């Protein structure tokens, strides 16, 4: 029903009652006519049987078989009589006409019998032949009857009558009934269609108008006709469409104004964001330059002989420089993660040496705060990046020591997933983390209970770096904390087959030569005078041969003067819009060899990080730690073994 349109439904509503009435009347009429035909057929058959019985009385009384045979043969002249059988009182056959002899007769009595043969479908009638009642006038015996009511029959007449005529007339009657019914239905259909048009057309007109309004065509209006049965509805739809159109126009006007206002606000916000980004980038670059120079000057100053008080002052100065470098390094880690510039090198990592490094680095911090730092040794190996995993653990344990006032910190591991993985866990007895903050602590610069931004309580970047690094490595990180009792961080790591720990330790403990960079010819390209002077002094103290220039032209002049560098240290952003990356490319082209080189920059733009990575150039962000610079110089200047 739900797939019929309104036309079909209206037609169905009109025809269904007509069809039911026509079928019901035809059925009642035909059933009555069938009963009448059957009753007339039975009466005629009984009448014929009685006539044969009356005609056969004399022949049975006188045993005149020829007369009886004539009567039986004469009965066959009737069109529906198929056979006749005349029997005497003892059941002996006296006359027969058309009889097949396949019908089994019941016991003969004094009553009429009528049944239908199941095999042939014909009617079978048995009519007893009773003697006639005669009035006798006997003078001496008085009045008497010849043949009383209970006198035995003289015989029986058996007649077989066909029902073919009844069936034929019934079929004719059925055909006439069907014709009348179909005619009535046809007439009713035509009448229903003609009458329904007057109702369906207005409904369809209203339906099409509603459909157009629903599709957004609010300017449509329907014609209001005086003879329309849905005139009031049509007027209401026109008014509704007019109100909707007015509302839409007003809404579009408001949306246009709001969109223009939002666009203006968005442009203002983008302008402010770009200005802030430019300011932060410039401030970061300008801040890193003097801190970079300061670090170099302090490192050079620490190499000179001093008295005890001066050495203590230099130590405090170094601590302050390291604090600034830690802040900038944390910001740099965030920038590297944003730029997808962190390269993951998964390999089997032994936990024993990793735990030993952790213990050596943080045990003094725990001792200074009066805390116990317990690191449970392990002989297991895991599949991870050793540098990134060490950074994760260092941040977690440092954070635990920072927020623990009494008790201690425990670092250990336990197997999981049936032994295929392990949980690396860091427990502390610190202040704990309330449930409402356990998700936010992984955001950048988010700290609990440090509104004054006390530097001793960290920067709010450690857990963000831990979370992002763990996701980069594919390690699951979980947190469980109870305020006032402590916190547990756990990282799930896949186990790896154990390797050769002794060979690994031997390679890591190779002694470094004190004069490992002495004699190296290093070309420094730096446009900041203080940074260049500080870097020259530090490299000179290491015994390097240093040439300092401000840009490409100065570097080419030095090369033409016969200075052939073993290594180039270049700032990324040089004077007159020059790029350190382009400068290094020109120098390599000039020397016609892959000259070892390194970029240094105070710019932390993710695009710069990605560009240097694509160019295959190491990038040191200012301020550069002297130890890190010396390690990189040693690695770049060390001759590489020729391939196989």
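Coordinate-derived values only; no laboratory data. Worth saying up front: this structure is predicted, and the values here are computed from it rather than measured. Note that each Cβ is placed from the backbone with ideal geometry, even for glycine, and that neighbours are counted across all protein chains shown.
So here's what we get for this one:
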| quantity | calculated |
| --- | --- |
| Percentage relative contact order, the range 345-504, counting C-alpha pairs under 8 Å, at least six apart | 27 |
| Cα-derived Rg to Rh of the range 514-644, Kirkwood definition | 0.94 |
| Rounded D (µm²/s) - the range 345-504, Kirkwood Rh over Cα pairs, Stokes-Einstein at 4 °C, 1.567 mPa s | 80 |
| P(r) of the range 23-111 over all Cα-Cα pairs, binned every 5 Å from zero, in whole percent | 3, 12, 19, 20, 17, 9, 6, 6, 5, 3, 2, 0 |
| Separation of the residue 631 and residue 89 label points, Cα + 7 Å toward Cβ, nm | 14.5 |
| Potential lengthening between residue 174 and residue 557 on full extension [0.36 nm per residue; Cα-Cα distance subtracted] | 125.7 nm |
| Förster-model FRET efficiency, 41 Å R0, residue 416 and residue 610, C-beta, rounded to 0.05 | 0.70 |
| Residue 436 versus residue 258: modelled label distance in nm, points set 7 Å from Cα along the beta carbon direction | 3.1 |
| Gain in span if fully extended, residue 47 to residue 66, counting 0.36 nm per residue against the direct Cα distance | 4.5 nm |
| Percent of Cα-Cα distances greater than 17 Å, calculated over the range 570-624 | 33 |
| Cα pair distances in the range 344-403, grouped into 10 Å bins until the bin that holds the longest one, percent each | 22, 51, 23, 4 |
| Model label zone, residue 589; criterion: amide N under 18 Å from point 7 Å along Cα-to-beta-carbon; scope the range 520-562 | 551-560 |
